[in-house]
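Structure first, then comments.
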Amino acid sequence: MKNLFVCFALLVSVLTVSCSKENEVKPQTAAVSSTVNIEYKIQNISGLVGVDYIAPNASGVLEVMHMDVNRTEQSISFSYTSTTLNPYSVTAYNVNPSNDVVQVQIFVNGVLKAEHSVTAPGQSAVAKGNF
C-alpha cells in the first residue's frame, strides 16, 4: 500500500511538471512611425467664421491653432508623422450669431473620418478623433 502511494505521488508530480507552460519571451519590436495626411474642411454660409484646430506648430508639436475665415469654404491640410494615434479636431462657429449652417469635416489620408454641422446661433460645429 505504501508503494501505491509513492507511485501515485510520483505520477502526479511527473504530470504536473510535464504539463506546466513555459512563458515564452518575445523580443520587443521598435514602434513604427507612420505619416497621416490630415485635411480639415470648413464650409459655411455666412462667410465669416472662427476656426480652432489642432495642427503642428513651427516646432512640429501638435497644438490648438486659431484663424478667422472670411469665405464660405476653407481647407487646412498638413502631414504628421508619429508612432502613436494622435487627437485631431476642428471647431468652427459663426463670428456673428446667426442660423447660418457651419459644417466641419476631417479627412485622414483622403477618407472622411468625422464631420459635424450646426445651425443654432452661438453653437460650434466640432469634429474630432484619434488618428
message = Checking N96 against (1) at pLDDT below 95; (2) touching a Lys or Arg at 6+ places or on another chain (Cβ under 8 Å); (3) polar (S, T, N, Q): exactly one of these is not met. Which one?
response = (2)
Residue identified as modelled with pLDDT of 70 or more, farther than 30 Å from N109 by Cβ and either acidic (D, E) or over 17 Å from the mean Cα position of the chain (by Cα) (or both) among S59, S75, S18, S46 = S46
remark   = From the option list S79, S124, S89, S98, single residue qualifying as polar (S, T, N, Q) and within 11 Å of E39 (Cβ to Cβ) is S79
query = So S89 clears everything in (1) closer than 14 Å to A125 by Cβ; (2) over 16 Å from the mean Cα position of the chain (by Cα) except one condition, right? Which one?
reply = (2)
ask   = Does any residue in the range 108-131 that is of a type in the set (D, E) come within less than 6 Å, Cβ to Cβ, of a residue that is modelled with pLDDT of 95 or more six or more places away or on a different chain, and which pairs are these?
value = E115/Q105; E115/A127
inquiry  = With the requirement that a residue be farther than 16 Å from Q74 by Cβ and surrounded by fewer than 17 Cβ atoms within 10 Å (Cβ to Cβ), what does the range 114-125 give you?
reply    = T119, A120, P121, G122, Q123
query = How about the range 47-131: which strands (runs of 3 or more DSSP E) wholly inside it have at least 1 residues that are touching a Ser or Thr at 6+ places or on another chain (Cβ under 8 Å) and of a type in the set (D, E)?
reply = 49-56
message = With the requirement that a residue be small (G, A, S) and surrounded by 14 or more Cβ atoms within 10 Å (Cβ to Cβ), what does the range 84-113 give you?
response = S89, A92, S98
query = For the range 78-104, what are the residues that are in contact with a His (Cβ under 8 Å, 6 or more places away or on another chain) and within 13 Å of Y53 (Cβ to Cβ)?
reply = V104
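The values are calculated or read from the model by the stated rules, or taken from the named source; none is laboratory data. From a predicted model like this one, the values you see are computed outputs, not experimental measurements. Cβ coordinates were reconstructed from backbone atoms using ideal geometry, including for glycine residues, and neighbour counts include every protein chain displayed.
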